[in-house]
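Here's the structure, in structure tokens; my notes come after.
The values are calculated or read from the model by the stated rules, or taken from the named source; none is laboratory data. Treat the numbers as computed from the prediction; the structure is a model and nothing was measured. For neighbour counting, all protein chains shown are included, and Cβ atoms are generated from backbone atoms with ideal geometry for every residue, glycine included.
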Amino acid sequence: MQEIIRTAIETYTGVLESQMKAESTASGMIRAYLAASADYMVAHRSMNLAVLEIAFNALGPDGRPLRATMPLEVYSSALEQILRDAQASGELRAFDVPVMAGLLRSAVTHTMVMAQRADPGVDLAFYARELGTVFDLATRPQGGHEIAP
């Protein structure tokens, strides 16, 4: 089970990195994070659902849920650094970075993953675009009125 999770994390991280590196703004990186997550979930649906089942149902060697013992919050520190850097440059407004990064991860794991689990044909690219708009609105500096496409 740990090997399945390790492989999934390695694959997911590769997809994230390739799409996020192409962006030069935090807003673009957030949108790329969401789009890459959607792409990964579509391309690797079985692996993604296996990780979900393992993470929430299997126990680790110490008897705790496996989720509590494995690094499943992929890209957490990288997201936080992107948000901090964008706040420092003035690209994004002031907000609590760990909370916003947690919301981003939850948007993927609790919104997109659960939507795909309930409906294998769900349009995750649409979800990613809508969530990108939500995060753009939530993080832009006061007075910013344009929404990225």
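Within the set 88, 36, 55, the sole residue that is at pLDDT 90 or above and over 20 Å from residue 127 (Cβ atoms) turns out to be 88.
To keep it simple, each residue is scored yes or no on (1) assigned to a helix (DSSP H, G or I); (2) over 14 Å from the mean Cα position of the chain (by Cα).
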| site | (1), (2) |
| --- | --- |
| 4 | yes, yes |
| 22 | no, yes |
| 27 | yes, no |
| 41 | yes, no |
| 46 | yes, yes |
| 55 | yes, yes |
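Per the listing 15, 97, the residue uniquely over 24 Å from residue 118 (Cα atoms) and either modelled with pLDDT of 90 or more or not acidic (Asp, Glu) (or both) is 97.
When the range 90-102 is filtered for residues that are under 24 Å from residue 13 (Cα atoms) and either surrounded by 15 or more Cβ atoms within 10 Å (Cβ to Cβ) or in contact with a Leu (Cβ under 7 Å, 6 or more places away or on another chain) (or both), the ones remaining, listed by number, are 97, 100, 101, 102.
For the range 83-91, check the following and say yes or no: at least one residue is within 27 Å of residue 43 (Cα to Cα) and in contact with a helix residue (DSSP H, G or I) (Cβ under 9 Å, 6 or more places away or on another chain). Walk me through it before giving the result.
Here is the first cut: in the range 83-91, the ones within 27 Å of residue 43 (Cα to Cα) are none.
No; the residues of the range 83-91 include none that is within 27 Å of residue 43 (Cα to Cα) and in contact with a helix residue (DSSP H, G or I) (Cβ under 9 Å, 6 or more places away or on another chain).
Residue count for the range 11-28 satisfying the condition of being in contact with a Lys or Arg (Cβ under 8 Å, 6 or more places away or on another chain) and touching a residue at least 40 places away in the same chain (Cβ under 8 Å): 1.
Within the range 58-85, the set of residues being at pLDDT below 85 and under 17 Å from the mean Cα position of the chain (by Cα) comprises 67, 70, 71, 72, 73, 74, 75, 76, 77.
The test for being over 17 Å from residue 117 (Cβ atoms), assigned to a helix (DSSP H, G or I) and small (Gly, Ala, Ser) does not hold for residue 37.
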